[in-house]
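In what follows, a structure is listed as structure tokens, so that the remarks can point back to it.
The values are calculated or read from the model by the stated rules, or taken from the named source; none is laboratory data. Keep in mind the model is a prediction, meaning the values are calculated, not measured. Glycine also receives a Cβ, built like all others from the backbone with ideal geometry; neighbour counts cover every protein chain displayed.
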Amino acid sequence: MPGIEPLQPSRKPTLAPATPPSPTVLRLVLGAELRRMRTQAGITPDVAATCIRCSTAKISRMETGHSPCKERDAADLLALYGVTDPHRTAEFVDLVRKAGERGWWRTYADVLPDWFEPLVGLEEAAASIRTYESHYIPGLLQTPDYAHAVVRSGHAIEPEEITRRRVELRLKRQELLHRIDAPKLWVLLDEAVLMRPTGGARVMSAQLAHLLEMTELPHVIVQVAPFAVTAHTSPGNGITYLRFAMAQLPDVAYVEHLTNATSVNKRESTDEYRWILDSLSAQSPNPVRSRDLLRLALARYS
């Protein structure tokens with residue numbers, strides 16, 4: 001579509017991203033390297049599991065970055081895989097230690113569900129974030145009042161202090177959009193979101209004004225997907241698609257459900273989600289026309 005870069009821009013591998021990788025991303029990198037070394041050495045998951053006295057399921061979780069690896073286990077696995085260079089082993093184990101450190105979001109552990117934590121860590125290291133939302137403005141672009149209304153809609157009877165903490169976490173996540181190396185954020189917004197007066201007219205008016213302001217940033221793109229498009233193409237659930245500057249990291253698709261979420265990084269699975277987002281983008285008004293639609297929606301609430 002004219003004026004919009006492809007979803008899959010060519011990678012430019014770098015030795016390291018401009019900001020330190022999050023523990024979540026380090027686990028993905030280390031897991032992929034463990035899988036590569038095991039395969040190259042001709043070692044089966046069963047043998048690897050026996051080596052560090054665990055299940056094959058744990059080996060799988062470690063290699064996909066879903067579970068952390070202990071430093072001693074990493075050293076034992078590298079020895080099993082034939083890595084004899086002490087400097088390489090020490091470097092790998094040091095990265096394992098860093099991958100086990102707490103990200104800033106862990107200070108919000110009291111309001112951060114286990115199923116949502118991976119997304120926060122991945123956002124921190126993403127080079128680009130694509131997201132489709134059918135119910136609300138994405139969290140990365142919400143105003144405090146709108147975020148409060150969204151949180152209360154799902155947690156109506158919780159103490160106000162807990163709601164405040166949830167909103168605070170959401171606003172903290174938004175800081176990445178104002179970094180020097182901010183990721184490109186490309187939002188596909190279902191037209192229904194603009195029609196839904198979340199928080200009331202005043203809150204929606206301020207939210208839409210903020211959304212228009214954010215689209216003035218060169219790395220923020222918003223498209224409105226009309227009913228005529230989403231009636232045929234909408235996936236039903238929110239999708240966030242992340243890709244990274246580090247070439248060894250696979251793309252990740254994060255799919256939200258009612259009370260949990262699923263993240264996938266296998267090529268055959270991410271290809272399907274990429275196709276959905278591409279299809280929605282191709283059928284929706286371009287960003288310039290979408291800004292006009294946002295202005296019309298803003299006028300309705302003003």
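Pick from region 283-293 the residues that are surrounded by 13 or more Cβ atoms within 10 Å (Cβ to Cβ) and closer than 12 Å to PRO226 by Cα: which of them is farthest from the chain's Cα centre (by Cα)?
To start, the set of residues in region 283-293 that are surrounded by 13 or more Cβ atoms within 10 Å (Cβ to Cβ) comprises 283-287, 290-291, 293.
Checking the rest, the ones that are also closer than 12 Å to PRO226 by Cα come to 283-286, 290, 293.
Working: GLN283: 24, SER284: 23, PRO285: 25, ASN286: 23, SER290: 24, LEU293: 27 Å.
Among residues in region 283-293 that are surrounded by 13 or more Cβ atoms within 10 Å (Cβ to Cβ) and closer than 12 Å to PRO226 by Cα, the one farthest from the chain's Cα centre (by Cα) is LEU293.
Give the residue that is modelled with the highest pLDDT, with candidates limited to residues of region 22-49 that are aliphatic (A, V, I, L, M) and buried (at least 21 other Cβ atoms within 10 Å of the Cβ). Spell out how you get there, then give the answer.
First pass over region 22-49, keeping only residues aliphatic (A, V, I, L, M): 25-26, 28-30, 32, 34, 37, 41, 43, 47-49.
Imposing the further condition that a residue be buried (at least 21 other Cβ atoms within 10 Å of the Cβ) reduces the set to 25-26, 28, 30, 34, 48.
Details: VAL25: 78, LEU26: 81, LEU28: 81, LEU30: 85, LEU34: 90, ALA48: 93.
Residue satisfying both the conditions and the ranking: ALA48.
Being without any contact (Cβ under 8 Å) to a residue 40 or more places away in the chain, small (Gly, Ala, Ser) and farther than 14 Å from PHE92 by Cα is the filter here, so list the residues in region 23-43 that pass it. Steps first, please.
Taking region 23-43 and keeping what is without any contact (Cβ under 8 Å) to a residue 40 or more places away in the chain, we get 31, 35-36, 39, 42-43.
If we keep only those that are small (Gly, Ala, Ser) too, we end up with 31, 42.
Matches in region 23-43: GLY42 only.
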Report summary line: Checked against (1) loosely packed, with under 13 Cβ neighbours inside 10 Å; (2) in contact (Cβ under 8 Å) with a residue 40 or more places away in the chain; (3) within 13 Å of the chain's Cα centre (by Cα), THR262 satisfies every condition except (2)
Query raised in the report: Among the residues of region 90-109, is any under 20 Å from the mean Cα position of the chain (by Cα), small (Gly, Ala, Ser) and more than 23 Å from PHE244 (Cβ to Cβ)?
Result: yes
Query raised in the report: Within region 44-53, restricting attention to residues that are assigned to a helix (DSSP H, G or I) and without any contact (Cβ under 8 Å) to a residue 12 or more places away in the chain, which residue is farthest from GLU101 (Cα to Cα)?
Result: ASP46
Query raised in the report: Are any residues in region 54-83 among the hydroxyl-bearing types (Ser, Thr, Tyr), under 23 Å from PHE116 (Cβ atoms) and part of a loop (DSSP other than H, G, I, E, B), and if so, which ones?
Result: THR64, SER67
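Identify the residue in region 141-166 that is under 19 Å from SER205 (Cα atoms) and among the hydrophobic types (A, V, I, L, M, F, W, C) and, among all such residues, is surrounded by the fewest Cβ atoms within 10 Å (Cβ to Cβ). Lay out the reasoning, then the answer.
As a first pass, look at region 141-166 and keep what is under 19 Å from SER205 (Cα atoms): 141-153.
Cutting the leftovers down to among the hydrophobic types (A, V, I, L, M, F, W, C) gives us 141, 147, 149-151.
Details: LEU141: 24, ALA147: 26, ALA149: 20, VAL150: 22, VAL151: 22.
Checked region 141-166; the qualifying residue surrounded by the fewest Cβ atoms within 10 Å (Cβ to Cβ) is ALA149.
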Requested in this report: Among the helices (runs of 4 or more DSSP H) lying completely within region 180-239, list those that include at least 3 residues that are of a type in the set (Gly, Ala, Ser).
Outcome: 201-214
Query raised in the report: Of (1) over 18 Å from GLY238 (Cβ atoms); (2) in contact with a Ser or Thr (Cβ under 8 Å, 6 or more places away or on another chain), PRO118 satisfies all except one. Which?
Result: (1)
Report summary line: Going through (1) surrounded by 17 or more Cβ atoms within 10 Å (Cβ to Cβ); (2) touching a Lys or Arg at 6+ places or on another chain (Cβ under 7 Å) one by one, PHE244 fails only at (2)
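One line per residue, one yes/no per condition, for (1) touching a helix residue (DSSP H, G or I) at 6+ places or on another chain (Cβ under 9 Å); (2) under 30 Å from GLU117 (Cβ atoms); (3) assigned by TED's automatic domain parsing to the domain that holds ARG152; (4) of a type in the set (A, V, I, L, M):
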{"site": "VAL203", "(1), (2), (3), (4)": "yes, yes, yes, yes"}
{"site": "ALA206", "(1), (2), (3), (4)": "yes, yes, yes, yes"}
{"site": "PHE227", "(1), (2), (3), (4)": "yes, no, yes, no"}
{"site": "ILE239", "(1), (2), (3), (4)": "yes, yes, yes, yes"}
{"site": "TYR273", "(1), (2), (3), (4)": "no, yes, yes, no"}
Requested in this report: Would you check if there is a residue in region 81-97 being closer than 15 Å to ARG38 by Cα, loosely packed, with under 12 Cβ neighbours inside 10 Å and modelled with pLDDT under 90?
Outcome: yes
Report summary line: Out of (1) farther than 30 Å from MET246 by Cα; (2) in a helix (DSSP H, G or I), the one ALA156 does not meet is (2)
Report summary line: (1) in contact with a Cys (Cβ under 9 Å, 6 or more places away or on another chain); (2) in the same structural domain as ILE221 (by TED's automatic domain parsing); (3) not hydrophobic (A, V, I, L, M, F, W, C) all hold for ASP114 apart from (1)
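Residues ARG102, ARG97, ARG130: which one is in contact with a helix residue (DSSP H, G or I) (Cβ under 8 Å, 6 or more places away or on another chain) and assigned to a strand (DSSP E or B)? Can you show your working first?
Working: ARG102 fails: assigned to a strand (DSSP E or B); ARG97 fails: assigned to a strand (DSSP E or B).
ARG130 is the lone residue from the list that is in contact with a helix residue (DSSP H, G or I) (Cβ under 8 Å, 6 or more places away or on another chain) and assigned to a strand (DSSP E or B).
Say we look at region 178-187 and pick out the residues that are closer than 20 Å to THR131 by Cα and at pLDDT below 95; which of these is surrounded by the most Cβ atoms within 10 Å (Cβ to Cβ)?
We begin by selecting, within region 178-187, every residue closer than 20 Å to THR131 by Cα; these are 178-179, 181-187.
Still in the list and also at pLDDT below 95: 178-179, 181-183.
Values: HIS178: 8, ARG179: 12, ASP181: 11, ALA182: 19, PRO183: 22.
Across region 178-187, the extreme among qualifying residues is PRO183.
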